[in-house]
Amino acid sequence: GWSRMSLDVPEPSAPDYVAYSTRRITIEIEDGRGVWSWLGNFVWVVFGGLQSAIVWFVAGILCSLTIVGIPCAHQCFKLSGLSLFPFGQSIVYEPAEPCTFFGNVIWLPLGILIAFVHVFWAFLYTCTILGIPFAVQHIKLAQLALWPFGAEITPLVAHARSEIIEPFMA
């Protein structure tokens, strides 16, 4: 399913006594999980997604044994969830705060290694036409592995559109 929201906003530079243009902003939000996503996730889980998710989950438990490792554990659990069901999910980055930026900088050496592995698998999957959707999921996992702090995993996909509506002049 999807939902749509439209908002008419007057142009800020127009004086009050003059007919002014209006900008209509339309935002459509849709659920990215369709039948093909569920089928892709099923095949993904059978052919390695479950093992990858378990490894990330165990890494998250090990990281959470220390107070300092709890933020990294949260990122491991995030990677575990995306490793289990990557089809139909989107990565959305929130505006960076200093803590998330420094967390990503500290994570980066490990993230580069993990991302390299996912890019390697993506390259192998592109050798067949049927493997291309799985290669795309590996690229998505590589992106999250590089910069996990501040990222949110969501099944929703947003599309924004803007148009200018000219005034009616009689």
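The values are calculated or read from the model by the stated rules, or taken from the named source; none is laboratory data. The shown structure was predicted, so the numbers you read here are calculated from the model rather than taken from an experiment. Methodologically, a virtual Cβ is constructed for each residue, glycine included, from the backbone with ideal geometry; neighbour enumeration extends over all protein chains shown. Just so you know, the surface numbers come from the protein's heavy atoms only, side chains and all, with ligands and any DNA or RNA stripped out. Shrake-Rupley method; radii C 1.70, N 1.55, O 1.52, S 1.80 Å.
Pairs needed: first member in the range 73-86, free of Cβ contacts under 8 Å to residues at least 60 places away in the same chain; second member anywhere, small (G, A, S) and open to solvent by 40 Å² or more (accessible area, probe 1.4 Å); C-beta distance under 7 Å; at least 6 residues apart or different chains.
Here the result reads A73/S64, each pair linking the range 73-86 to a residue that is small (G, A, S) and open to solvent by 40 Å² or more (accessible area, probe 1.4 Å).
For the range 130-149, does any single residue satisfy the condition of being in contact (Cβ under 8 Å) with a residue 60 or more places away in the chain, not acidic (D, E) and not in a helix (DSSP H, G or I)? Reasoning before the result, please.
If we filter the range 130-149 for residues that are in contact (Cβ under 8 Å) with a residue 60 or more places away in the chain, which is where we start, we get 133-134, 137, 141, 144-145, 148-149.
This time we only want the ones that are not acidic (D, E), so: 133-134, 137, 141, 144-145, 148-149.
Within this subset, residues satisfying the condition of being not in a helix (DSSP H, G or I) are 148-149.
Checked the range 130-149: at least one residue is in contact (Cβ under 8 Å) with a residue 60 or more places away in the chain, not acidic (D, E) and not in a helix (DSSP H, G or I).
Which number in (1) open to solvent by 70 Å² or more (accessible area, probe 1.4 Å); (2) farther than 26 Å from I29 by Cβ; (3) of a type outside the set (A, V, I, L, M, F, W, C) marks the one condition that G131 misses?
All conditions pass for G131, except number (1).
Contact list please: Cβ distance under 6 Å, first residue in the range 29-49 and within 21 Å of V92 (Cα to Cα) and open to solvent by 30 Å² or more (accessible area, probe 1.4 Å), second residue modelled with pLDDT under 90 and assigned to a helix (DSSP H, G or I), pairs at least six apart or on different chains.
Correct list of pairs: empty, since none qualify.
Restricted to the range 134-148, and to residues that are of a type in the set (A, V, I, L, M, F, W, C) and open to solvent by less than 30 Å² (accessible area, probe 1.4 Å), which residue is farthest from L39 (Cα to Cα)? Full working, then the answer.
Filtering the range 134-148 for residues of a type in the set (A, V, I, L, M, F, W, C) gives 134-136, 139, 141-142, 144-147.
From the residues that got through so far, the ones that are open to solvent by less than 30 Å² (accessible area, probe 1.4 Å) too are 135, 141-142, 144-145.
Values: A135: 16, L141: 19, A142: 22, L144: 22, A145: 24 Å.
Checked the range 134-148; the qualifying residue farthest from L39 (Cα to Cα) is A145.
Scan the range 62-76 for residues that are of a type in the set (V, I, T) and closer than 17 Å to P148 by Cα and jot them down. Reasoning before the result, please.
Just the residues of the range 62-76 that are of a type in the set (V, I, T), to begin with: 66-68, 70.
If the condition is that a residue be of a type in the set (V, I, T) and closer than 17 Å to P148 by Cα, then V68, I70 are the ones that fit.
Yes/no per residue for (1) at pLDDT below 90; (2) assigned to a loop (DSSP other than H, G, I, E, B); (3) surrounded by 14 or more Cβ atoms within 10 Å (Cβ to Cβ):
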residue	(1), (2), (3)
G103	yes, no, yes
W107	yes, no, yes
V119	no, no, yes
A122	no, no, yes
V157	yes, no, yes
E163	yes, no, no
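In the range 4-55, how many residues are of a type in the set (S, T, N, Q) and either part of a loop (DSSP other than H, G, I, E, B) or at pLDDT below 60 (or both)?
Residues of the range 4-55 of a type in the set (S, T, N, Q): 6, 13, 21-22, 26, 37, 41, 51-52.
Imposing the further condition that a residue be either part of a loop (DSSP other than H, G, I, E, B) or at pLDDT below 60 (or both) reduces the set to 6, 13, 21.
Selection size over the range 4-55: 3.
Among the residues of the range 87-101, which ones are in a loop (DSSP other than H, G, I, E, B) and touching a residue at least 60 places away in the same chain (Cβ under 8 Å)?
To start, the set of residues in the range 87-101 that are in a loop (DSSP other than H, G, I, E, B) comprises 87-89, 94-97.
Of everything in the range 87-101, those that are in a loop (DSSP other than H, G, I, E, B) and touching a residue at least 60 places away in the same chain (Cβ under 8 Å) turn out to be G88, Q89.
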